[in-house]
Each structure stands twice: as structure tokens, then as C-alpha cells.
Amino acid sequence: MNGGRERAITLAAPAKINLYLHVVGRREDGMHLLDGLVVFTALGDAVTVRPGDELTLRIDGPFARDLDPDSGDNLVLRAASVLAEASGRPARAAIHLTKNLPVAAGLAGGSADAAATLRALSALWGIPPGSVDLPDLALRLGADVPMCLAGRPAFVGGIGEQLAPAPPLPDLGLLLVNPGVPLSTPAVFRARSEAFSAPARFDESPADVPALVNLLSVRANDLTPAASRCCPEILEVLSALKSLPGCRLARLCGSGATCFGLFDHRQAAMVAARALGGSPWWRGVTETIAMSQ
């Protein structure tokens, strides 16, 4: 958090990873019911807010070109608007989004940006804690926003809004790889034809990375077949990750098309990233954060 004459506040918007994701049912309104384990990484976007005479959004970063700051669908602006309405404050702020994560990549980047905006503007506008139901506002913005607002390892249920604390987990090194193909989450769910899975939560706290991998190996990301039909490049990425030295598990991060390789630590993930050579795929070396909150 940064201070100064302009009262600038900067918050991280971490990428979300599904270590496993089971589709366990479907509601009458068509929304799918989930069971999964999410963690967050040191890699992500950043949101800075300052006082302003009106509500503005400026976007920079490697993937700024893929977002329209004037779009009515922009989650950052929507988050600012719903918070202003709920708190009875005018929607006035200068917001700066640094977009480091690829868009429509299965990393919940937009949801993380919205969650960071809610928290940053709550501080900027001096909204008293508890006076506004932030988790409720988050859910109005999207199913992934509440878990990004919490920002800690959790089992997720419902459509993603039901959160339960995860047991302590070991720190993980991660190599994220995206083939450069945007993939819509609704499109992936529409393409899904597989049977529903059972919930698969666990109570034990794995002592180390191999123990966690052993637990994850009997779980899956149920969206992988549908996402791969929509984007066959996912299968190439998963195959490449599995072949890298030190990779203990390769899996789709969410709805695609980003995949992760799981390593004992960040340094091992960095070595593996170099082994990919000159591949045109986007990659990010990172590690999990807030693993035992």
C-alpha cells in the first residue's frame, strides 16, 4: 500500500490456480456446481487508485491491448460502480490497472482485478469495515470474485461463492504456460459433456510437495476435456509441461487455456521454464502465496 499527497493505494491482484476442480452438478438456472481447491500466486495484476473528479480507468502492462478501458463490461469499472452505489458515495476515482496476466486465460485475472478494486476503493473512500457487504458485491460481479476477494487457499463450492478454509499446504513452485489462445469460460462449460464427479475435499495437511501431489493425483480438473476440444493447443502445453525436469504434476489452471506445472520450489520452476527454449507460448514462473492463512 502506497501513501503520499495523492493518497495512492496499490494492491496486488494475484492469479488464481485450481489445484483440482470437480463439476459436481448443475442448478436449474444452468449454472454448474463445483468442488475444488484454489490457491493464489505471487504473479498477478496490480490495481492503483487515487482520488479523482470522476471515475476513470487507465490500463497498461503486457496485456493492456486486450482490454477496453471504456467498456461497460469492464469488471474494474463495474466493481467501482457497485461499491459506490452500495456505500452511498459518488463514483469518483482515478484507477490504474497494470495487466500482467493474459486475458480469458483461466487465471481469474478479471475477477482478481475486481476484488482488488473493491478493497482498494474501500480504503480510499474511507468505507468503515462491515458497513458494506463486500462478499455480496463480489458475487454480483462474478462467481470467481468472492474467492479472489478472500485471497487465500480455500475449498470452493456452489458456483464458486462458497468458501471453506483449506488445511495448511506446502509452498509450491509453479510454471504457468498459455498458448496464446483466449478461451471463454461459458464456451467451455457449453462444450462439456462428461458425467458429474463427486466432491473430493480432504482434511489432512500434506507434509510436503510429493504428499500434496499424491492427493491431487486422484483428483482432476473436470474442464480439461471440454477446454481441449475448444483449444487443442492445451494438450500440447500439458504434454510439454509433463516432460520438463522436476515437474511433479501438469494440469489446466481453470477453464483454460493456461496450464500449470507444479514444482518443489520456484527455482525448479525457473529451470524448467528455460528448458522450454524458444517456444512462442506465454509463460510465468511464480510461487504460491498465503498458503497457511
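FYI, it's all coordinate maths here, none of it is from the lab. Treat the numbers as computed from the prediction; the structure is a model and nothing was measured. Glycine gets a Cβ as well: all are built from the backbone with ideal geometry, and neighbour counts include every protein chain shown.
Below is a table of values for the structure above.
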item: Candidates Gly44, Gly130, Gly151, ranked by Gaussian network fluctuation over the chain, Cα under 10 Å, top entry; result: Gly130
item: The chain, relative contact order in percent, only Cα pairs under 8 angstrom and at least six apart counted; result: 24 percent
item: Derived scalar couplings ³J(HN,Hα) [the stretch 195-210; Karplus, 6.51 cos²θ - 1.76 cosθ + 1.60; whole Hz; x for Gly, Pro]; result: 5, 6, 9, 8, x, 9, 6, 9, 9, 6, 9, x, 6, 7, 4, x
item: Estimated dipole of the stretch 38-190 in Debye, rounded to 20 [Cβ of Lys and Arg +1, of Asp and Glu -1, Cα centre]; result: 120 debye
item: FRET efficiency, Arg7 to Glu85 (Cβ-Cβ, R0 30 Å, nearest 0.05); result: 0.85
item: Dipole moment magnitude, nearest 20 debye, the stretch 242-293 about Cα centre, only Lys, Arg, Asp, Glu C-beta charged; result: 120 debye
item: Backbone N under 16 Å from the Met270 label point (7 Å along Cα→Cβ), restricted to the stretch 33-47; result: 42-43
item: Between the stretch 147-206 and the stretch 109-123, the alpha-carbon center distance in angstrom; result: 20 Å
item: Residue of Val218, Val49, Val209 that the Gaussian network model of the chain assigns the largest fluctuation, springs spanning Cα pairs under 10 Å; result: Val218
item: FRET efficiency, 1/(1 + (r/R0)^6) with R0 41 Å, evaluated for Thr56 and Ala164 via beta carbons; result: 0.60
item: Extended-chain gain in nm, criterion 0.36 nm per residue less alpha-carbon gap, Met31 and Arg65; result: 9.2 nm
item: Within a Gaussian network of the chain (alpha carbon springs, distance under 10 Å), most fluctuating of Gly61, Gly30, Gly173; result: Gly30
item: Cα gyration tensor shape of the stretch 166-289, rounded if a/c is under 1.5, else prolate or oblate by comparing a/b with b/c; result: oblate
item: Residue order, fewest to most surrounding Cβ atoms within 10 angstrom, among His22, His32, His265; result: His265, His32, His22
item: Cα gyration tensor category, rounded, prolate or oblate, for the stretch 9-164 with a/c compared to 1.5; result: prolate
item: Alpha-carbon centroid distance for the pair the stretch 44-81 / the stretch 235-276, whole angstrom; result: 31 Å
item: Taking the stretch 1-128 and dividing mean pair separation by its residue count, relative contact order in percent (alpha carbons under 8 Å, at least six apart); result: 32 percent
